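Encoded as structure tokens, the structure appears first; notes follow it.
The values are calculated or read from the model by the stated rules, or taken from the named source; none is laboratory data. No experiment lies behind these values; they were computed from the predicted model shown. All Cβ positions, glycine included, derive from the backbone under ideal geometry; neighbour counts span all protein chains shown. When the accessible area is computed, the model is the full protein with side chains, heavy atoms only, and any ligands, DNA or RNA have been set aside. Shrake-Rupley method; radii C 1.70, N 1.55, O 1.52, S 1.80 Å.
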Amino acid sequence: MTTLSLKKITSAWIITILALFVLAIAFGITMRFNQGANINLDPAKFYSLLTTHGVTMIGIWAVAGMVAVNYLLARYVPVSTSLNVFAFILTVVGVVMLWVTTFIGHFHAAWTFLYPLPFYVAWEKWATPVFLLGLGVLGIGWFVWAVGMMLQILKKYSLRHTFAWQHLTTKHDVAVETPPFILITTVSLIGIIVCLLAAVVLLVLFFAEYFSSGSFVNDPLLMKNLTYFFGHTLANESLYLGLATLYELMPEVSGRPKFKTTWYVALGWNCTMVFVLTAFFHHLYMDFVQPVGFQMIGQLASYFASLPAAAVTAFSVMVLVFKNPIKWSLTNILFFLGVVGWLIGGVGALIDSTVSNNIFLHNTLWVPAHFHTYNAMGNVLFSLAFFNWAANEFVGNQNETKSYSLKIVLLLIGGFGFVLMFYFAGAYSVPRRYSVYPQEFTSAALLASAGAWFACIYLVVILWMFFDIVKKCFKVFSPSY
Amino acid sequence: MKAHEFVLALFLVSAIAIAGLFYYFFLSSRQAADGGGVSNPTKKRFFFFTALAVVMIILLLVTIPKSPYFLFTGENPSKVVYVAAKQYSFTLSSSAIDPQNPVSTEAIELPAGQPVEFRVTSLDVNHGFGIYNERAELVTQTQAMPGYVNRLRWEFTEPGTYNILCLEFCGAAHSFMRTTFTVK
Ligand code: HEM
Ligand SMILES: [Cu+2]
């Protein structure tokens with residue numbers, strides 16, 4: 001059941017996430033203008049912004065997926081508002097700690113804080129432990145929350161039913177149908193729980209070395225594997241949470257019958273759950289000391305993780321829309337475009353996850369190119385769709401009359417223009433994470449400026465939606481609500 | 001067409017195809033009436049899935065053998081170059097490098113048309129070792145990781161001056177960390 005307190009905490013999340021999003025975009029645009037030589041930041045300042053931007057974006061979109069899933073989960077099982085509030089408080093505290101380290105402490109080891117860089121202190125001494133603690137605070141909040149949701153699901157559905165294994169048998173009479181939403185939420189939450197556990201191990205290893213005063217030293221290869229297992233998995237599971245929301249809401253707002261769990265949906269998502277956990281090996285292709293078997297698993301898993309997800313989800317969305325009368329609204333247009341952005345970003349990812357391409361794409365701007373495509377033009381749109389839907393829900397009116405076509409056109413131009421400049425630069429070997437470009441990359445700065453201007457268009461649309469959505473969200477706090 | 005341009009073209013064509021298809025799906029819903037939809041979706045899904053799987057398997061079979069781990073493995077490198085990265089410079093040497101006192105002995109010259117080997121490590125944080133040709137195209141690369149030595153084998157076909165750029169974020173001066181060598 002959706003209670004008033006659930007609406008309130010969800011509103012608080014939406015307002016906070018969107019506010020942080022606007023700021024993080026502004027930092028992104030600042031970085032891109034710096035790379036375009038339009039402004040001139042001190043490199044340490046640039047990398048502080050890079051760290052803040054990365055950690056904030058990854059954080060807010062992971063948690064946005066959890067907010068959406070938690071809200072919709074209330075339709076199926078009781079959900080705990082206090083866990084939700086607990087996660088909110090810890091998230092706010094964690095984000096404040098992280099921003100203090102980057103803006104006041106000048107910490108700038110990037111959001112991946114690759115071992116041993118955080119120990120080569122080029123910032124305030126306290127910033128390293130506080131940054132790691134800040135991540136820990138976020139992690140604990142989300143871990144407890146994710147486990148809480150998982151336990152609620154398991155109270156109603158048996159293990160077999162949560163994973164929809166009954167749909168994999170040849171017997172056609174399935175007594176209990178697992179809603180796709182429950183299946184995908186389960187798969188994503190399991191992934192989140194596993195990667196947060198890896199993060200705990202990583203942080204413990206960092207602190208063990210930090211406090212051992214030299215008697216305990218970590219293994220850089222192990223730490224790199226752990227870092228990317230955590231980072232890659234978190235980023236991917238965020239997307240899957242967005243897809244869970246899509247499965248639940250898109251047919252509903254389109255005025256079409258709900259999606260059903262069939263054997264291929266069940267199989268597809270069960271495969272995805274396994275593949276996604278080993279795809280992170282593609283981050284270590286250029287570490288030749290890594291066992292070759294892992295490298296091969298990396299490419300296989302990267303390819304096959306996309307198969308079930310694409311074949312099942314993209315095809316289902318196509319079947320939903322194709323030659324069917326759809327009640328188009330901002331909400332389902334955002335879902336629909338999110339699928340397009342996700343697929344296009346997926347092609348970029350697939351190209352990069354091919355080892356023989358990775359050798360000339362690894363750590364070039366091709367990497368931010370593809371992940372910004374499936375984030376800024378994929379996952380973000382899934383979450384915005386949910387935010388827009390929830391805001392309309394709060395004011396009790398899903399029938400928007402305002403035209404949204406200008407917003408959509410500007411969003412597409414701004415978003416795809418922005419990422420396209422990354423793709424061009426990436427294909428022409430321009431390195432990622434460079435505060436300024438060496439002169440031999442003759443067009444890199446120009447592409448960066450153009451990307452920044454496109455991103456400004458994107459930001460305008462986000463601000464526009466921000467005001468529409470936040471206005472409605474504030475209503476639930478009014479005493480007369 | 002060079003590999004860089006090929007992947008860009010492949011990406012753009014795929015992206016436009018996906019965008020075009022979905023735009024077509026969108027348009028088809030605008031004049032649709034109840035009872036429309038995809039005919040025989042289960043069968044079409046099966047074909048789509050099979051086609052996708054076949055394409056992926058072909059791509060795997062074609063690309064995996066080109067992975068750097070399998071290149072020049074049976075050959076003897078005609079020259080070995082030792083590389084030690086350290087915030088924010090590279091030491092290149094034709095003899096093993098003393099970690100306490102890393103010094104580049106001489107300018108490095110490598111033969112064209114013969115496999116050579118770089119033994120790359122780091123003396124502090126993770127760095128990258130990206131080899132760029134005179135047209136600023138990334139030719140090949142490996143990571144420089146403390147405590148490990150990555151062996152990168154390559155055969156240069158074009159003589160000229162090559163730049164090495166750091167390709168793993170290593171701190172504030174990351175984008176200025178570089179060196180050069182020549183191929184004759
Ligand atoms: C239009 C809005 C955005 C702008 C202008 C922007 C800009 C940038 C820029 C300039 C970089 C540095 C690229 C480089 O040289 O390596 C970057 C990195 C990054 N961005 Fe964004 N970005 C945007 C949206 C997003 C979104 C929605 C996400 C969501 C996850 C995101 C996540 C990241 C991450 C994780 C990094 C990597 C940070 C690192 O290398 O440590 N960005 N962004
Ligand atoms: Cu470096």
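Quick look at the values:
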item: Filter result for the condition that a residue is in a loop (DSSP other than H, G, I, E, B) and of a type in the set (Ser, Thr, Tyr), over A:403, A:449, A:383; result: A:403
item: Close pairs from region B:70-88: first in contact (Cβ under 8 Å) with a residue 12 or more places away in the chain, partner aromatic (Phe, Trp, Tyr) and within 16 Å of ligand 1 (Cβ to nearest atom), Cβ under 8 Å, at least 6 apart; result: B:88/B:176
item: Test: residue in region A:79-87 that is under 22 Å from residue A:22 (Cβ atoms), in a helix (DSSP H, G or I), of a type outside the set (Lys, Arg) and touching a helix residue (DSSP H, G or I) at 6+ places or on another chain (Cβ under 7 Å); result: yes
item: Residues (within 16 Å of ligand 2 (Cβ to nearest atom) and among the β-branched types (Val, Ile, Thr)) located in region A:352-399; result: A:364
item: Sole residue being closer than 17 Å to residue A:241 by Cα and more than 7 Å from chain B (Cβ to nearest Cβ), chosen from A:320, A:330, A:337, A:284; result: A:337
item: Residues located in region B:45-69, provided they are farther than 17 Å from residue A:353 by Cα, within 9 Å of another protein chain (Cβ to nearest Cβ) and not basic (Lys, Arg); result: B:46, B:48, B:49
item: Top-ranked residue of region A:439-452 - restricted to ones that are without any contact (Cβ under 8 Å) to a residue 24 or more places away in the chain and more than 7 Å from chain B (Cβ to nearest Cβ), ranked as surrounded by the most Cβ atoms within 10 Å (Cβ to Cβ); result: A:443
item: Failed item in (1) touching a strand residue (DSSP E or B) at 6+ places or on another chain (Cβ under 6 Å); (2) at pLDDT below 95, with residue A:220 passing the rest; result: (2)
item: Residue that is farthest from ligand 2 (Cβ to nearest atom) [pool: residues in region B:69-105 that are more than 24 Å from residue B:176 (Cα to Cα) and touching a helix residue (DSSP H, G or I) at 6+ places or on another chain (Cβ under 9 Å)]; result: B:70
item: Boolean, residue B:148 is open to solvent by 30 Å² or more (accessible area, probe 1.4 Å), within 14 Å of chain A (Cβ to nearest Cβ) and at pLDDT 95 or above; result: yes
item: Top-ranked residue of region A:291-304 - restricted to ones that are within 21 Å of the chain's Cα centre (by Cα) and open to solvent by 10 Å² or more (accessible area, probe 1.4 Å), ranked as farthest from the other protein chains (Cβ to nearest Cβ); result: A:302
item: Filtered residues of region A:373-399 (kept if over 12 Å from the mean Cα position of the chain (by Cα), open to solvent by 10 Å² or more (accessible area, probe 1.4 Å) and of a type in the set (Gly, Ala, Ser)); result: A:396
item: Residue ID - nearest to the chain's Cα centre (by Cα), chosen from residues in region B:144-162 that are more than 16 Å from ligand 2 (Cβ to nearest atom) and of a type in the set (Phe, Trp, Tyr); result: B:154
item: Single match in A:402, A:407 (criterion: open to solvent by 60 Å² or more (accessible area, probe 1.4 Å), away from ligand 2 (no atom under 16 Å from the Cβ) and either of a type in the set (Lys, Arg) or within 30 Å of residue A:40 (Cβ to Cβ) (or both)); result: A:402
item: Answer residue from region B:164-184, given it is open to solvent by 10 Å² or more (accessible area, probe 1.4 Å) and more than 7 Å from chain A (Cβ to nearest Cβ) and is farthest from residue A:43 (Cα to Cα) among those; result: B:184
item: Per-region count, region B:100-151, residues touching a strand residue (DSSP E or B) at 6+ places or on another chain (Cβ under 7 Å), within 23 Å of residue A:118 (Cα to Cα) and of a type in the set (S, T, N, Q); result: 6
item: Within region A:17-54, tally of residues that are open to solvent by 10 Å² or more (accessible area, probe 1.4 Å) and within 30 Å of residue A:152 (Cα to Cα); result: 1
item: Search result, residues across region A:353-368 that are surrounded by 24 or more Cβ atoms within 10 Å (Cβ to Cβ) and either under 20 Å from residue B:19 (Cβ atoms) or more than 8 Å from chain B (Cβ to nearest Cβ) (or both); result: A:353, A:358, A:365, A:366
item: Positions within region A:195-226 being open to solvent by 40 Å² or more (accessible area, probe 1.4 Å), in contact (Cβ under 8 Å) with a residue 40 or more places away in the chain and within 25 Å of the chain's Cα centre (by Cα), in sequence order; result: A:197, A:200
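This table checks each residue for (1) assigned by TED's automatic domain parsing to the domain that holds residue B:170; (2) not hydroxyl-bearing (Ser, Thr, Tyr).
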position	(1), (2)
B:28	no, no
B:45	no, yes
B:48	no, yes
B:55	no, yes
B:106	yes, yes
